[in-house]
Amino acid sequence: MSGQPPVAKKSPHTTTHHGRTRTDDYEWLRAKDDPEVIAYLEAENEWTTERTAHLAGLRQRLFDEVKARTLETDLSVPTRNRGYWYYGRSFEGKEYGASCRVPVADPESDSWQDWTPPTPAQVAADQPALPGEEVLLDHNELAEGHAFFSLGGSAVSPSTTLLAYSTDTVGDERYTVRVKDLTTGELLPDLLEGVMGGVTWDRAGESFYYSTVDESWRPDKVWRHLLGSTQADDELVYHETDERFWCGVGRTRSDRFLVIESGAKTSTEYRFLDQDRPEAGWQLFAAREEGIEYSLEHARLRANGGPGEDLFLVLHNATGADFELATAPIAPTPRSQWKPLIAHDPAVRLEDVDAFAGHLVVHQRSEGLTQLRIIELGDDGIGDDYLVRFEDEIYTIGSGGNPAFDQPTVRLGYTSLRTPSSVYDYDVRDRSLTLRKQQPVLPLDGRDFDREEYEEHRLWATAEDGVRVPISLVVRRDVRAAALAAGRPLPLHLYGYGSYEASMDPGFSLFRLSELDRGAAFAIAHVRGGGEMGRGWYDNGKVLHKRNTFTDFIACARHLVETGWTSPELTVAEGGSAGGLLMGAIANLAPEQWGGIVAAVPFVDNLTTMLDASLPLTVVEYDEWGNPEADPEVYDYIASYAPYDNVADLPYPPILAETSLNDTRVLYVEPAKWVARLRAVAGADVLLKTEMNAGHGGVSGRYQAWHDRAFSLSWILDRLGLA
C-alpha cells in the first residue's frame, strides 16, 4: 500500500427501464469468480488493515474485556422433553459448544413430575456437567478442518434414539443433513444435501420432512425422506410454484399435526396432516387470500372435567391489522367460520400463540414493548387471562424452550439494556416466577458488574409528519451526571434497522459494557418499517412509504442532539443488512448529522437487486420494496432513495462497510460497489472489510466473532473520541 486507497476501474454498464437509463461503472465487481474481483476485495482489506492499524491495541483490549467478563465454560438451563433434560455447553478455549442431555429420572420415582431443571454444583470443561451426561453433538469436532461452521438445526426422533442434524461449512445457508444413532454413536448412511435449515420427524420416527430452495434461494419444496433410502428417492410432498411465496414444514407442540406453511409478505396458507388419521392425507386449512395472513396451532380446551375439545387456534389479520386470535374445528375451515377468542385491539399487536395442555401463551406488544400473556385452561374452558409483569421502564420478554405439550411451566427469557439475559420458569399452577439463571458477568479488573450503575430510558422523538418515534437509551449514571454538570454532550452510538416488521427490542450486551464504561451512551431508534409499534408501524415504513424509515432515524438523532444528549460530531450510526440500507440512505440525506457510520452487510444497491428477478430473494421481496421492473412509480421511488444511486459530491462522514463473500442474502457486490462510488464521486473516507470465508451472519465461532466485533467497536470508539 502506498498510502492511497484502492481505485476500482470503471467499466460502464448501461440499463434502461421505463425509459429511464442508468449507467453503473462498477457492476463488473459482481463476477465473484473473477480473479480481478478477488484481488480488488483483498486490496480493500489490506487498505482497511493499514488504516486501522492504530486501533490494534484497543481491539485486543476489547476482546480481552469481553473474554474476561464471560464465563467460558458454562451450560444453558436444561429443557425437559420426552424423558430427558436437554442443554448446550460451552468450553473455555473452544470456538464451539456441544449439545447434551441427561435422563429426567426413573418414571416410577416422584421426581418424574418435578419440572425443576437440574443444576450442576460446578462445571469443568473436561468433566460431565451433570450426572449421566450424553454428548449428542460435539460442534468443535464437526467444525474441524473448516474455516466456517454453522449448525442449522437438530431434531431428536420421537423414540429419542436418533438425531437428525444439519451443517453448513461454507456460509451460503445450504445445509447437509446427517442422522446419528444415539445408541451406538454411529452415523446412518442417510445423507441429504442442499437442505434449508433443519428437519421435522413424523410421529413414528421412520421418516422426516425437510425443505429445499430453488435457484433464487427461495424455499419452494417440501420433501419426505424415509430412513435408509437415498435423497434421490425422496417423496416430493409439496411444491410452491408462486415465486412470491416460500414454504416450510413443522409440527404442532401436541405432536398430533404436521403442518406446511406457504407464505408471502402479505398472505399465508397452511396445510395439515393429522397423524391420528394419516389416511386423510394433507389437507388445505384455508386457501390463500391476498392481504390475509394467518398461522395455525393445535389446542385442546377442557370442559366440565371431560376429555376436552380439539380445535385449531388461528392467529389472523382478517378483522384488523394487529391480528385476532380465533378458533376453528379440526377440518378445512373458511375464515367466515373462524370464531374470535381474543378480538382485534389496535393498541395490542398479537404476534404468536403457543398452546399447552393447561394454558395458552400469547406473545404480544403494546406501546413498543413486548408482553407475555397467559390464558389458563380450566375444567370450564377458558380461565384467567393476565400478563407476566416486570418493572423495568424498557425491557424484552419472550418464551422459548417449551417443547412439551403437557408441561405446567413456561420457560421465558427477560432482558433489558442493563439487565443480563435472564431465564425464568413461570409455574402456571401457583403463578410463581423462578429465576433459573442470569447471564454471568464476571468481574473486570476486580470490579463486579452492578446494573444499578447504569440508567436506561424510553425517549420519544417527533418525525417529519408528527409521528412519535420511540428511542431506547442506556448510559452509566456517573457519566450522565458528569456530562450534565459540565453542560457537555455525550458520545453516542445510535443503532437502527427498520424493515420486515422486525423489532429491535432492547437487550443486554457484554461488548456494550466496554463502550458504556468508556463514557459512551447507546441508543436504539425504533423507526418505522420495524414492528415495535404494531402492524401500522411496519406498513408505514415499506414500499412507497420507505423514506419514513430514514427520516425517522434522522429525527431520532436530531432529538438526541436538541435535548442535550449528544452532538452530530459525537454521533456514530450503525445498522446491518436492511439496516445497512438505512445507513446508506441517512448518509446521503443528512451527512452532516454523523461523526461516523458503520454499515454491516448493507443492502445499498437495492434498485439493481430489485430489478433482477433471478437474484436470491428478489421476487419474494416485492411486497417489502415493490417491483421496480413492473411499476415505473416504484422504480422512481426506489431510485429516489437507493444509497448507491444517490451517492453525490457531499461531505460524507467516515464510513466502515463490512460484508462477507459468501453472503446469499445481501451479496458482497453491493457494499463493494458503494464504497468504490463513494470514493470516486465524493472522495469519501470509507473502508471496506470483506470476510472471505463467511456468510450473512459473519464469521463463525465465538472467539472469531468476538475479534470481529472488537474490530467494529474499536472503529466506533475511535470516531467517538474514546479510543
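The values are calculated or read from the model by the stated rules, or taken from the named source; none is laboratory data. Note that the structure is a prediction, hence the values are computed from the model and not measured. Positions of Cβ are generated from backbone atoms using ideal geometry, with glycine treated the same way; all protein chains shown enter the neighbour counts.
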If we scan region 288-298, do we find a residue that is of a type in the set (A, V, I, L, M, F, W, C) and either surrounded by fewer than 20 Cβ atoms within 10 Å (Cβ to Cβ) or farther than 29 Å from T618 by Cβ (or both)? yes
Scan region 661-686 and report the pairs whose first residue is among the aliphatic types (A, V, I, L, M) and whose second residue is at pLDDT below 95, with Cβ atoms within less than 6 Å and a gap of 6+ or a chain change. L661/M692
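So that you can scan it fast, the table gives a plain yes or no per residue for (1) touching a Leu at 6+ places or on another chain (Cβ under 9 Å); (2) among the aliphatic types (A, V, I, L, M):
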{"site": "D539", "(1), (2)": "no, no"}
{"site": "N548", "(1), (2)": "no, no"}
{"site": "V572", "(1), (2)": "yes, yes"}
{"site": "G576", "(1), (2)": "no, no"}
{"site": "N588", "(1), (2)": "yes, no"}
{"site": "L607", "(1), (2)": "no, yes"}
{"site": "T618", "(1), (2)": "yes, no"}
With in the same structural domain as P568 (by TED's automatic domain parsing) and over 30 Å from G97 (Cβ atoms) as the only criterion, which of A672, A705 stands out? A672
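From Y270, Y209, grab the single residue that is more than 22 Å from S157 (Cα to Cα) and of a type outside the set (D, E).
On the way: Y209 fails: more than 22 Å from S157 (Cα to Cα).
None of the other options fit; the residue is Y270.
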Among the listed residues D352, D242, D345, identify the single one that is farther than 30 Å from S216 by Cα and of a type outside the set (K, R). D345
Filter region 183-201 down to the residues that are of a type in the set (A, V, I, L, M) and either surrounded by fewer than 17 Cβ atoms within 10 Å (Cβ to Cβ) or assigned by TED's automatic domain parsing to the domain that holds D138 (or both) and list them by number. L187, L188, L191
Of the residues D255, D274, D242, only one is surrounded by fewer than 21 Cβ atoms within 10 Å (Cβ to Cβ), within 21 Å of T333 (Cβ to Cβ) and not aromatic (F, W, Y); which? D274
Sort out for me the helices (runs of 4 or more DSSP H) sitting completely within region 590-685 that have 3 or more residues that are of a type in the set (A, V, I, L, M, F, W, C), within 24 Å of A557 (Cβ to Cβ) and touching a strand residue (DSSP E or B) at 6+ places or on another chain (Cβ under 7 Å). 669-682
For A587, are the conditions met, namely being among the small types (G, A, S), outside any helix (DSSP H, G or I) and crowded, with 24+ Cβ neighbours inside 10 Å? no
Can you tell me which residue in region 323-380 is farthest from the chain's Cα centre (by Cα), limited to those that are more than 30 Å from A280 (Cβ to Cβ), in a loop (DSSP other than H, G, I, E, B) and modelled with pLDDT of 95 or more? A343
Name the pairs: first residue in region 41-52 and in the same structural domain as R679 (by TED's automatic domain parsing), second residue acidic (D, E) and assigned to a helix (DSSP H, G or I), Cβ to Cβ under 9 Å, at least 6 apart or on different chains? T52/D718
Taking the condition within 24 Å of the chain's Cα centre (by Cα), within 20 Å of G576 (Cβ to Cβ) and of a type in the set (V, I, T), does V601 pass? yes
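Can you find even one residue in region 31-40 that is surrounded by 18 or more Cβ atoms within 10 Å (Cβ to Cβ), in contact with a strand residue (DSSP E or B) (Cβ under 6 Å, 6 or more places away or on another chain) and not aliphatic (A, V, I, L, M)?
In the first step, residues of region 31-40 are kept if they are surrounded by 18 or more Cβ atoms within 10 Å (Cβ to Cβ); the result is 37, 40.
Adding the requirement that they be in contact with a strand residue (DSSP E or B) (Cβ under 6 Å, 6 or more places away or on another chain) leaves none.
Within region 31-40, not a single residue is surrounded by 18 or more Cβ atoms within 10 Å (Cβ to Cβ), in contact with a strand residue (DSSP E or B) (Cβ under 6 Å, 6 or more places away or on another chain) and not aliphatic (A, V, I, L, M).
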Can you find even one residue in region 517-534 that is more than 16 Å from T462 (Cβ to Cβ), part of a helix (DSSP H, G or I) and either among the hydroxyl-bearing types (S, T, Y) or in contact (Cβ under 8 Å) with a residue 40 or more places away in the chain (or both)? no
If I go through region 28-60 residue by residue, how many of them are within 29 Å of the chain's Cα centre (by Cα), closer than 19 Å to D605 by Cα and of a type in the set (V, I, T)? 0
Identify, by number, the condition in (1) modelled with pLDDT of 90 or more; (2) closer than 25 Å to D406 by Cα that D190 doesn't meet. (2)
L560 passes all but one of (1) touching a Ser or Thr at 6+ places or on another chain (Cβ under 9 Å); (2) within 30 Å of L350 (Cα to Cα); (3) part of a helix (DSSP H, G or I); which number fails? (2)
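With the condition being more than 24 Å from the chain's Cα centre (by Cα) and under 23 Å from A404 (Cα atoms), I'd like the strands (runs of 3 or more DSSP E) fully within region 111-168 carrying at least 2 qualifying residues.
On the way: elements: 134-138, 150-156, 162-168.
It comes to 134-138, 162-168.
Just for region 320-346: of the residues that are touching a residue at least 60 places away in the same chain (Cβ under 8 Å) and among the hydrophobic types (A, V, I, L, M, F, W, C), which one is surrounded by the fewest Cβ atoms within 10 Å (Cβ to Cβ)? Let's see the steps before the verdict.
Pass one, region 320-346, residues touching a residue at least 60 places away in the same chain (Cβ under 8 Å): 321-323, 346.
Adding the requirement that they be among the hydrophobic types (A, V, I, L, M, F, W, C) leaves 321, 323.
Working: A321: 13, F323: 26.
Ranking the qualifying residues of region 320-346, first place goes to A321.
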Restricting to region 686-715, what's the tally of residues that are buried (at least 23 other Cβ atoms within 10 Å of the Cβ), part of a helix (DSSP H, G or I) and in contact with a strand residue (DSSP E or B) (Cβ under 8 Å, 6 or more places away or on another chain)? 1
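Take region 155-174 and flag every residue that is modelled with pLDDT of 95 or more and over 13 Å from G205 (Cβ atoms). Let's see the steps before the verdict.
First, the residues of region 155-174 that are modelled with pLDDT of 95 or more: 155-167.
Y165, S166, T167 - these are the residues of region 155-174 that are modelled with pLDDT of 95 or more and over 13 Å from G205 (Cβ atoms).
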Hey, does region 103-116 have a residue that's buried (at least 19 other Cβ atoms within 10 Å of the Cβ), within 23 Å of Q438 (Cβ to Cβ) and of a type in the set (D, E, K, R)? no
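Filtering region 429-464 down to residues that are among the polar types (S, T, N, Q) and over 26 Å from L560 (Cα atoms), which residue is nearest to the chain's Cα centre (by Cα)? Before the answer, list the steps.
Residues of region 429-464 that are among the polar types (S, T, N, Q), as a first pass: 432, 434, 438-439, 462.
From the residues that got through so far, the ones that are over 26 Å from L560 (Cα atoms) too are 432, 434, 438-439.
Working: S432: 30, T434: 27, Q438: 21, Q439: 19 Å.
The residue in question is Q439.
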Scanning for something crowded, with 20+ Cβ neighbours inside 10 Å, in contact with a strand residue (DSSP E or B) (Cβ under 8 Å, 6 or more places away or on another chain) and of a type in the set (D, E), does region 410-427 turn up at least one residue? yes
